[in-house]
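A quick write-up on the structure given underneath.
The values are calculated or read from the model by the stated rules, or taken from the named source; none is laboratory data. Because the structure is a prediction, the values reported are computed rather than measured. Counting neighbours? That spans all protein chains shown, and the Cβs are built from the backbone with ideal geometry, glycine included.
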There are 2 protein chains.
Amino acid sequence: MTAPARGFPEAEFERRTRNAQALMAEAGLSALLLTTEPEIRYYTGFLTRFWESPTRPWYVVLPATGQPIAVIPSIGAHLMRQTWITDLRTWQAPDYSDDGVGLLSDTLREVTLMGGVIGLADGMESHVRMPRADLLALESALAPRKLASDAQITRRLRLIKSDAEIAKIRIAAGIADRAFDRVTEIAQTGTPLSTVFRRFQASCLDEGADWVPYLAGAADHRGYGDVISPATDAPLETGHVLMLDTGLMHDGYFCDFDRNFSIGAPAAEVQSAHARLIDATEAGFAAARPGAVIADLFHAMNAVANPDGNTMDAGRLGHGLGMQLTEWPSIIPADQTELVPGMVLTLEPSVTLADGKIMVHEENIVIRETGAEWLSTPQGSEIRVLT
Amino acid sequence: MTAPARGFPEAEFERRTRNAQALMAEAGLSALLLTTEPEIRYYTGFLTRFWESPTRPWYVVLPATGQPIAVIPSIGAHLMRQTWITDLRTWQAPDYSDDGVGLLSDTLREVTLMGGVIGLADGMESHVRMPRADLLALESALAPRKLASDAQITRRLRLIKSDAEIAKIRIAAGIADRAFDRVTEIAQTGTPLSTVFRRFQASCLDEGADWVPYLAGAADHRGYGDVISPATDAPLETGHVLMLDTGLMHDGYFCDFDRNFSIGAPAAEVQSAHARLIDATEAGFAAARPGAVIADLFHAMNAVANPDGNTMDAGRLGHGLGMQLTEWPSIIPADQTELVPGMVLTLEPSVTLADGKIMVHEENIVIRETGAEWLSTPQGSEIRVLT
C-alpha cells in the first residue's frame with residue numbers, strides 16, 4: 001500500500017470553513033477565535049511540531065464569510081504561506097510590550113461589527129491557549145463586542161471525519177499494527193521496560209510513523225496498576241503482563257490502541273481476563289452502528305467486561321480519535337451522542353483483577369453506513385506470549 | 001557515565017514548595033492554582049505522557065503552608081500516589097455534569113479565607129489549561145475570593161535550575177550529541193528528508209532518549225526557509241544544507257539544539273555562514289556570565305552573526321530550557337533579566353543568506369559562578385559534510 005499524498009486538497013479546508021460559517025450563522029457568531037493546535041490546523045492545514053514550544057501564541061480568526069485569517073508570529077510565516085491561507089498578519093514574537101494582542105484585536109474589530117459576538121472554545125476538552133492577562137486585555141479592547149462560547153462548532157465538525165481523514169488514521173493504525181507484531185524482537189525476559197519503550201518507539205518510526213507523541217504502558221504480575229505511566233527501568237519477568245499503548249502520528253493523524261503480552265505462559269486469570277476484553281471489544285464493535293448512541297457502546301462492553309457491574313477508575317471505555325490522541329466523545333453512560341458514519345472511535349474495555357490490578361484492551365474503528373469497520377487489526381482471545 | 005537515579009529526592013520538591021510559599025506571602029497570595037503539565041510536575045514530580053490527551057483537566061492547589069494538594073481524575077491516582085503528594089482528591093473524569101470544578105472549588109475554599117487571592121499563571125508563555133466555561137464557573141463559586149496573577153512565581157523559580165536538574169539536561173544533551181554524530185550513517189544523497197527524520201529520532205532513542213517530543217529541520221540549497229517545518233519526502237541533494245533541531249527528553253528534562261550538514265562539499269557562502277554562526281555562538285558564550293543581562297547575549301551574538309545590523313524573523317537568539325523545550329527568558333534586546341548561576345539557556349544565532357534563506361546554529365549552556373559552561377558539545381567552524 002502506498003500512502004496517499006500528504007495534506008489535503010484545498011477543497012477540504014474550504015468545506016470545513018463553509019461548514020463552520022453555516023454553524024456560526026445559526027449560533028449568531030460574527031467570528032471564531034482559534035488558539036490551539038488542532039483548531040488552527042483543522043481550518044488551515046498548518047502542521048508543525050513547534051507547538052511543543054510554549055513561548056509564542058498563535059491565532060486564527062474565522063470571519064463570518066471568506067477565508068480564515070492567520071495572526072501569527074513571523075517565525076511561522078514561511079510555513080503558513082505553504083497552506084491555502086492568503087491573509088497572514090505577523091508580528092515578531094516574543095514581544096514583551098505587546099505579544100500580538102494589538103494585531104489580533106485589530107483583526108477581530110475589522111471583521112466584526114460593534115455588537116458582534118466572537119466565539120471561543122469553552123467546553124470540555126478545550127482550553128484557550130493564550131496568556132490569561134492577554135485574554136483579559138483582548139476582551140477589553142474588543143468591547144462592546146463580546147467573547148462567548150464557540151457553540152462547540154469546531155468540536156462538532158471534527159466529530160465526523162472525511163474519507164481523506166479516515167485514510168490517514170488507517171495508515172497510522174497499520175503502522176502501529178506492524179510495530180506491535182515486532183514486539184517479540186525487542187522484549188524478552190530481562191529486558192528493562194524502559195528499553196522496551198525505546199525500541200518500540202523506534203519500531204513505530206521504522207514502520208513509517210512521522211513521530212510518536214504517545215506511549216504509555218506497564219509490566220507487572222497478573223495485570224498492572226495503571227495505563228498512563230512512563231517506563232521504569234525494571235526488567236521484564238516471567239509472569240509479567242506487558243501492556244503497550246501507543247498514539248503515533250501519520251501526516252497529522254493519530255491511531256491509539258494497545259496490546260497485551262504475557263511474558264511466558266499466561267496465568268489462567270490473565271488469559272481469562274484477556275479473552276473477556278476481546279469479547280467486550282467485539283460486543284462494542286457489534287453495537288457500533290448508525291442510530292445507536294455512545295452510551296450503548298459503554299453498556300455493551302461493560303456487560304461483558306464487568307458482568308458483576310463494577311466500573312473502573314479510568315472513567316470511560318473509549319473515545320473519539322483523529323487529529324488528537326483523544327477526542328470527543330467519551331464512551332460513558334452519560335453520553336447520548338448518536339453514532340453517524342464517519343465517526344472514528346476507540347473501543348477500550350477494562351477489567352479488574354486481584355489486588356486492584358487492571359488489564360485494558362483497545363482497538364480503533366470507524367462508523368460506516370452499515371456498521372463499524374476495524375481500523376486496527378482486531379485481536380484473538382489468546383494473549384500474545386513473549387519469552 | 002551511568003545516569004543518576006530517576007526523579008528527585010523529596011527534599012527537592014519540599015524546597016520548591018517552600019520557595020513558592022515564601023514568594024506567595026510576599027505577593028499576598030493565599031494559594032496557587034496550577035493547571036499545566038510543567039507547573040504540576042514542578043511541585044509534585046508527576047511525570048506522564050498522558051497530557052497528550054486533552055480530555056481531562058488536572059489541578060494542583062498550592063496552599064500558603066503545607067504540601068500541594070492534587071485534585072485530579074481518578075485515572076491518575078495510582079501514578080500520583082507514587083510521588084510525595086499525600087493529599088489526593090479525585091473524581092471520575094470525564095464527568096459531563098461537573099468535571100472537577102466542584103471538587104476544586106471546595107479545595108480552594110478550604111485552604112483560603114473569604115478575602116483570599118488565588119494566583120493563576122497569566123503571563124507570557126503561560127495559559128490556563130481548563131475549559132473557559134469551567135474557569136468562569138470556578139471564579140463565581142470562589143467569590144468573594146479572587147483569581148489573580150500568580151506574580152510569575154513558578155516561572156521565577158523554574159528560571160534557576162538545581163544541580164540535579166542540570167544533570168538531567170546534561171544527559172539529554174549528551175544523547176543528542178551522540179545522535180548527531182550518527183547522522184552520517186542515516187543520511188546520504190537521495191535519502192528522503194522524512195526518512196532522515198525517522199532515523200534520527202530512532203538514533204535519539206537508541207542513544208537513550210526517553211522520547212523525542214521535538215524534531216524540526218529542513219534541507220535546501222544554500223540555506224533553508226524556516227526552522228519549524230516537519231519533513232517533506234523530498235530526497236537530499238548534493239548542495240543541500242540539512243538542518244536537524246531536536247528537543248529530546250531524559251527523565252522529564254529537555255535538551256534543545258541543532259546541527260547543520262552540507263550534502264557534499266559546502267558552497268563558499270554556506271561555509272562562511274556556518275563559521276559566522278559558530279563565532280556568534282562563542283561570542284554569546286563569552287558574554288554569558290553572572291552580572292550580564294540577557295540583552296547582552298543578544299547583542300554579542302547579533303554583532304557577529306549580522307554585522308550589518310539585520311535582524312531575523314525568528315524573533316530571538318535563544319531562550320531558557322529545562323522541563324520544557326523553551327522556557328523563559330527570551331534572548332532579545334528587550335530582556336533585562338540578570339544572569340545568575342543555575343540558568344540554562346540555548347544560544348541560537350541566525351544568519352540570512354541569499355534569496356531569504358537562513359541558517360541557524362544552536363548550543364545549550366548553563367551559567368556558573370565563573371561564567372558559562374557548555375551542556376552540548378560546541379562545534380567547530382567547519383560545517384559537517386555528508387556524502
Practice task
Pick out the one residue from A:A267, A:A234 that is under 23 Å from A:T184 (Cβ atoms) and either touching a helix residue (DSSP H, G or I) at 6+ places or on another chain (Cβ under 8 Å) or not hydrophobic (A, V, I, L, M, F, W, C) (or both).
Solution key: A:A234
Practice task
Mind listing whichever residues of the range B:169-195 are closer than 14 Å to B:T387 by Cα, in a helix (DSSP H, G or I) and in contact with a helix residue (DSSP H, G or I) (Cβ under 7 Å, 6 or more places away or on another chain)?
Solution key: B:V183, B:I186
Practice task
Kindly indicate the residue of the range B:334-387 that is surrounded by fewer than 17 Cβ atoms within 10 Å (Cβ to Cβ) and of a type in the set (A, V, I, L, M, F, W, C) and also farthest from B:V270 (Cα to Cα) among those meeting that condition.
Solution key: B:V340
Practice task
Look through the range B:73-92, keep the residues that are under 21 Å from B:E10 (Cβ atoms) and part of a helix (DSSP H, G or I), and return whichever of them is farthest from the other protein chains (Cβ to nearest Cβ).
Solution key: B:M80
Handout entry: Selection from the range B:256-303 of residues that are free of Cβ contacts under 8 Å to residues at least 12 places away in the same chain and aliphatic (A, V, I, L, M)
Key = B:A268
Exercise for the section: Using the structure shown, decide if B:E39 is among the acidic types (D, E), buried (at least 22 other Cβ atoms within 10 Å of the Cβ) and under 24 Å from B:L113 (Cα atoms). Expected result: yes
Problem - For A:L242: the one exception among (1) assigned to a strand (DSSP E or B); (2) assigned by TED's automatic domain parsing to the domain that holds A:T35 - result: (2)
Practice task
Please specify each residue of the range A:99-146 satisfying the condition of being under 29 Å from B:F298 (Cα atoms), away from chain B (no Cβ under 11 Å) and surrounded by fewer than 20 Cβ atoms within 10 Å (Cβ to Cβ).
Solution key: A:G102, A:L103
Problem - Within the range B:169-188, tally of residues that are under 15 Å from B:V212 (Cα atoms) and of a type outside the set (G, A, S) - result: 6
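Scan the range B:56-72 residue by residue and report those that are without any contact (Cβ under 8 Å) to a residue 60 or more places away in the chain and either of a type outside the set (G, A, S) or at the interface with chain A (Cβ under 8 Å from one of its Cβ atoms) (or both).
B:R56, B:V60, B:V61, B:L62, B:P63, B:T65, B:Q67, B:P68, B:I69, B:V71, B:I72
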Exercise for the section: Check the range A:296-318 and report whether any residue there is closer than 30 Å to A:T44 by Cα and either in contact with a strand residue (DSSP E or B) (Cβ under 9 Å, 6 or more places away or on another chain) or crowded, with 19+ Cβ neighbours inside 10 Å (or both). Expected result: yes
Handout entry: the range B:196-250 - residue that is among the hydroxyl-bearing types (S, T, Y) and under 30 Å from B:R6 (Cβ atoms) and, of those, surrounded by the most Cβ atoms within 10 Å (Cβ to Cβ)
Key = B:T246
Exercise for the section: Find the strands (runs of 3 or more DSSP E) located wholly in the range A:267-375 whose residues include 3 or more that are within 22 Å of the chain's Cα centre (by Cα), and list them. Expected result: A:318-320, A:327-330, A:344-347, A:363-368, A:371-374
Exercise for the section: Being in contact (Cβ under 8 Å) with a residue 40 or more places away in the chain and among the β-branched types (V, I, T) is the filter; apply it to the range B:187-231 and report the residue that is farthest from the other protein chains (Cβ to nearest Cβ). Expected result: B:T189
Fill in the blank from the handout: Pairing a residue in the range A:135-148 that is under 20 Å from B:E125 (Cβ atoms) with any residue that is outside any loop (DSSP other than H, G, I, E, B) and β-branched (V, I, T), where Cβ atoms lie under 8 Å and the two sit 6 or more apart in sequence or on different chains, gives A:L135/A:V128; A:A137/A:V101; A:L138/A:V101
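Which residues, taken from the range B:31-55, are closer than 13 Å to A:I228 by Cβ and either more than 8 Å from chain A (Cβ to nearest Cβ) or of a type outside the set (D, E, K, R) (or both)?
B:E37, B:F46, B:L47, B:T48, B:F50, B:W51, B:S53, B:T55
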